[in-house]
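I have placed the structure first, in the form of structure tokens, so that the comments after it can refer back to it.
The values are calculated or read from the model by the stated rules, or taken from the named source; none is laboratory data. Everything numeric in this text was worked out from a predicted model, so none of it was measured. Cβ atoms come from the backbone with ideal geometry, glycine included; neighbour counts cover every protein chain shown.
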């Protein structure tokens, strides 16, 4: 079975927005064992949409289209679909009722323009949209099934996951099972990660391993396809167990977990709290740790001490130390960590000082020089790093390196 | 002239990466007066690539393809292109020399696998790649011109801007000029922005105005096409002047400027410094302000006071005030701003306290309740907001609202 995606919208062709819908659907299909063979993008014109559908039908049995279902004049996906199917548009009573109901629930009257969203190709089956006014629909053309979803990512995602994906998979891939797992690695390059996995995971028929950099982490994707879901799950779990051995403590998270969520869980489990003193990361570590709901359970405070004065007055780094060794030094990082830990009364503290660039580097301390200190009362660990790349990359990887030091310490507690 | 884009790569079809290259090229073409009519994505298989080229040739005179020029086995764009053109692959001496030279400059020997990157369709014209080992190439098929670029975004972008865009525009759009300007708006919804622009900008033949939400800002894109570049520039400048009047102080930046860069410039011009006390934004405002190189000129320090204790001990918010009014209150925001300003000795200070959710809301103070205070020694201004949406959206818009208060204050200084 060949699956194709069709993205519809002038704003995509004009490059005003990046098409994240296509990647979302493609990865869901792929993880579940179906692969997309083509992805086409066209603008908001009925003839272009009909032409695109005709072209894709030469290469596919299932087409999932997104966009162009809105109430305004430029939205004409229904018209293009009707043209491709050789049918007329008609007002669909179910779609009209759903749109009316959507407004009713929000206590506002339906705008007359929204009635247009119920004008669908004759024979269309409705796909309900709980989060918006645009119903989706399914249409048959010859032997092919076409699904039309709105382009708003939230609405598309929930309709795709609830309706399209299960139906497509049940109809076409029910006989085999595919299961995908993601392992996230920090501190090993992509080739080194591949080496570590290759040397530990035995080859299996039906097992595919892909590597992908999501800076600064490397994602290892293990995908098993077998006669049924249970066998595929068993195969992928066995392979994951082997990969875990190979990746050892460079493996920091699996699946939907992130460096932040893993650190947060460890802090909670250890009943530990954290405070931060950030210089070159300028609040990024605090921001990451507080991205998570409920972070006030373990996150106490962060001092972003950008100026030397604030390092001295706020967190008590001796002035002489900065004068002698420079603000970017291991000794200053150590005093920052100890100072903020005392100030906050936290179990642990992290401090970062470095040169994120692009200016400010010297021969001795080039751009990318970073010191990270981790204090826990028993002692303070300081690490020196030399990172490369843009200011943004240096700040991002510094944040990761600091959280990874914290993760490793928490694992030992 | 019809332009089509072709993205090549299994990682795109599997949804492992989002295709930002297509949006980048589409927007450059669009801003310069050329529009992309189709965008197709296929995987790494010579027959699929050749088939995609054949299909696109039915709809376009110019094709810009990206991806599949690497040294590994799965990269087979050159083979697909040769198949589509009906020519053989041959080792291109210029491409080989360029790749060799790339390694030479980095002082490492060329890996034998990289020789494959010089195996190009007979008749291909080389497009040099200063940043990588994969040369691009141009190929003629019938009357159409095809450009092949590597998929690595940095490499693609510089080759596209230096070689492809000027050649395409010179060959095809030299007779008319198109100029685009972007105005960035905060504090007006998309429809309200449209209303403000419509009521102030006269309609002109050749002028197109588009609106696009880049949460939480609205971008107004004015694009003028005229007989030549000078007339187009004059037209777009006139329209911009009118739009500026209509948008008034909701217009916060133009072109490549951002809220942060505008605030940074104003701080520098006014010789002012800033300190922050952040609660619900957890370091996000500090992070944004320090994203910019040289931010130590105006950014002194930020205290992320997440716990009530840190609000009291670090920045001197009276304990009784928190007990009486709650940490999320205008009075606490005010004391936070004044406290951190005193501590840092800065010209201005911003403080934020609020409920980012998803939990923690009450009837009186629902999720999204945020207080922002701005102190400058003459007095402290406090604003209350009620934002809606996810934790991430509430934090993002809070950061914008705080920086916008600072921007407006600086404009009056």
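Descriptive notes on the structure:
- Looking across the stretch A:285-306, just one residue is part of a loop (DSSP other than H, G, I, E, B), over 15 Å from residue B:359 (Cβ atoms) and more than 7 Å from chain B (Cβ to nearest Cβ), and that is A:298.
- Criterion (touching a helix residue (DSSP H, G or I) at 6+ places or on another chain (Cβ under 7 Å) and either over 29 Å from residue B:55 (Cβ atoms) or in contact (Cβ under 8 Å) with a residue 60 or more places away in the chain (or both)) met by exactly one of B:132, B:136, B:143: B:136
- Scanning the stretch B:103-121 for residues that are under 22 Å from residue B:138 (Cα atoms) and either outside any helix (DSSP H, G or I) or free of Cβ contacts under 8 Å to residues at least 12 places away in the same chain (or both) gives B:119, B:120, B:121.
- Of the residues making up the stretch A:180-196, those that are free of Cβ contacts under 8 Å to residues at least 60 places away in the same chain and in contact with a strand residue (DSSP E or B) (Cβ under 6 Å, 6 or more places away or on another chain) are A:190, A:193, A:194.
- Scope the stretch B:318-339; condition touching a helix residue (DSSP H, G or I) at 6+ places or on another chain (Cβ under 9 Å) and touching a residue at least 60 places away in the same chain (Cβ under 8 Å); matching residues: B:339
- Scanning the stretch A:139-156 for residues being buried (at least 18 other Cβ atoms within 10 Å of the Cβ) and touching a strand residue (DSSP E or B) at 6+ places or on another chain (Cβ under 7 Å) gives a total of 9.
- Flag for residue B:84 being out of contact with any strand residue (DSSP E or B) (no Cβ under 6 Å at 6 or more places or on another chain), modelled with pLDDT of 95 or more and within 14 Å of chain A (Cβ to nearest Cβ): no
- Flag if residue A:187 is modelled with pLDDT of 90 or more, in a loop (DSSP other than H, G, I, E, B) and buried (at least 16 other Cβ atoms within 10 Å of the Cβ): yes
- When residues of the stretch A:80-98 are limited to those that are free of Cβ contacts under 8 Å to residues at least 40 places away in the same chain, more than 33 Å from the chain's Cα centre (by Cα) and in a helix (DSSP H, G or I), the one surrounded by the most Cβ atoms within 10 Å (Cβ to Cβ): A:83
- Of the strands (runs of 3 or more DSSP E) entirely within the stretch B:209-284, those holding at least 1 residues that are crowded, with 23+ Cβ neighbours inside 10 Å and within 14 Å of chain A (Cβ to nearest Cβ) occupy B:217-226, B:274-278.
- Criterion applied to A:328, A:352, A:317 was being more than 29 Å from residue B:395 (Cα to Cα), more than 8 Å from chain B (Cβ to nearest Cβ) and buried (at least 24 other Cβ atoms within 10 Å of the Cβ), and the one residue passing it is A:317.
- Among residues of the stretch A:333-348, those that are buried (at least 22 other Cβ atoms within 10 Å of the Cβ) and farther than 12 Å from residue A:380 by Cα, counted: 3
- Single residue of B:413, B:341 found to be under 20 Å from residue B:263 (Cα atoms) and away from chain A (no Cβ under 14 Å): B:413
Here's the yes/no breakdown for (1) in a loop (DSSP other than H, G, I, E, B); (2) over 30 Å from residue B:235 (Cβ atoms):
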site	(1), (2)
B:134	yes, yes
B:139	no, yes
B:148	no, yes
B:160	no, no
B:164	no, no
B:168	no, no
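- Helices (runs of 4 or more DSSP H) lying entirely in the stretch A:5-78 (those with 1 or more residues that are without any contact (Cβ under 8 Å) to a residue 60 or more places away in the chain, more than 11 Å from every other protein chain (Cβ to nearest Cβ) and crowded, with 24+ Cβ neighbours inside 10 Å): A:46-57
- Meets criteria (in contact with a strand residue (DSSP E or B) (Cβ under 6 Å, 6 or more places away or on another chain) and not in a loop (DSSP other than H, G, I, E, B)) for residue B:321: no
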